[in-house]
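Novice: My structure is below; once you've seen it, I'll send some questions.
Here, each number is a calculation from the coordinates, and none is a lab measurement. All values derive from a computational prediction rather than experimental measurement. Heads up, the Cβs are rebuilt from the backbone with ideal geometry, glycines too, and the neighbour counts pull from every protein chain shown.
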Amino acid sequence: MVQLPVSEATDFDSLVQIENGLIEILAKHRGARVDGHEIGRGRFNVFIVSDEPWPSVFGRIQAFLEFQEVLEDAVIATRAAEGEEYQVLWPSDHGRAFEL
């Protein structure tokens, strides 16, 4: 899951471009894919499903968001396929509960 903040000044076309970019970089590796998005509560959430180990997926996502110059604003979190609770991977000092 990639989460970016949304405000009245947010350019939604740029958020869609980020989602499309994630679709492209993950399509190059068969084990992960974007599974849609949602917007709400001041957040843009991009859902990612992966059959491959999360560290390799995380590295690709992190590098892409850094290239797009949005990594500083992003929260990257993961959870088990059948799990309910997310674990925040980025930023490492997030320090608060993750919310959708």
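Novice: Given the rule -39500 (n - 2.57) for each run of at least 4 DSSP H residues, summed and divided by the residues of the chain, what is its mean residue ellipticity at 222 nm, to the nearest 500 deg cm²/dmol?
Specialist: One gets -10000 deg cm²/dmol as the mean residue ellipticity at 222 nm.
Novice: Now, a different point. Excluding Val75 itself, what net charge comes from residues whose Cβ is under 12 Å from its Cβ, given Lys and Arg +1 and Asp and Glu -1?
Specialist: -2
Novice: Right, next: HN-Hα J couplings of segment 53-65 from phi, Karplus 6.51/-1.76/1.60, θ = phi - 60°, integer Hz, Gly and Pro as x?
Specialist: x, 4, x, 6, 5, 4, x, 5, 5, 4, 5, 5, 5
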